[in-house]
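Asks: Sharing a structure with you now.
Values in this text are rule-based calculations from the coordinates and carry no lab data. These figures come from a predicted structure and were not determined experimentally. FYI the Cβ positions are ideal-geometry reconstructions off the backbone, even for glycines, and counts take in every protein chain you see.
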Amino acid sequence: MKSIGRILGVIALIALYGISRYNGTITAQWWLNSTQAQVNNMYERRKDLVPQVAAVVKKYAEYESGILVWVTSLRTQSTNFDKLNGMITQWDFKSSEFSSLLASTMWGIKVSLEAYPTLKADTQFTNLYTTLEWSENRIRTAIKDFNDMAGSYNAKLKLFPGRLFNLIFNFTSFPLINPPADKDIKEIPDVEKLLK
């Protein structure tokens with residue numbers, strides 16, 4: 001009787017180990033699928049985010065260009081200085097034309113000095129570069145995480161006793177992600193084209 005009890009105990013331990021191993025493999029497959037989906041999510045995020053950031057940078061650069069045109073036009077009003085200088089050399093200080101020309105010129109100078117814009121397009125381009133770099137780093141990290149998990153999973157399928165479970169349940173290994181070989185995933189948006 002004791003030998004039958006021992007045999008049943010050993011069979012129960014083997015069954016529990018088998019169930020645990022099977023459930024662990026299924027859980028590992030789920031995590032691998034989830035991590036692979038996260039890699040794809042990172043690529044989609046980059047595909048969506050980069051054009052949006054590039055569009056913002058483009059609009060901001062256009063805005064600053066308009067500001068520079070406005071400031072330049074204010075500076076071209078310096079022809080008033082030439083006219084005022086001519087009036088001064090003719091001692092024509094008291095005419096109403098001199099007073100109104102001087103007042104409008106001084107007001108234009110005051111507006112130019114008080115409202116001179118702070119240009120930040122370089123910061124916007126730096127932010128675009130940072131966004132691109134950050135996206136690429138997140139993608140690389142997600143790929144590394146997936147490849148590490150897939151390598152561990154694949155090794156468990158090849159080593160004993162995983163090999164036996166693989167024969168019984170026909171588990172398949174996960175291929176590693178290799179971005180340079182996969183042109184669809186590796187393609188990086190052309191920022192120059194986005195900014196045109």
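Asks: Which order, highest average first, do 158-167, 2-11 follow once you tally other Cβ atoms within 10 Å for each residue and take the mean per peptide?
Replies: 158-167, 2-11
Asks: Next up: Give the peptides 127-134, 13-20, 36-43 in descending order of average Cβ contacts within 10 Å, highest first.
Replies: 36-43, 127-134, 13-20
Asks: Highest first, please rank the peptides 137-144, 25-32 by the mean number of other Cβ atoms sitting within 10 Å of their residues.
Replies: 137-144, 25-32
Asks: If the chain between THR27 and ALA155 were fully stretched, how many nm would it gain, using 0.36 nm times the residue separation less the Cα-Cα distance?
Replies: Here the answer is 44.5 nm.
Asks: Among residues other than ARG163 whose Cβ falls under 15 Å from its Cβ, what is the net charge (Lys/Arg +1, Asp/Glu -1)?
Replies: After counting each charged neighbour, the total is +3.
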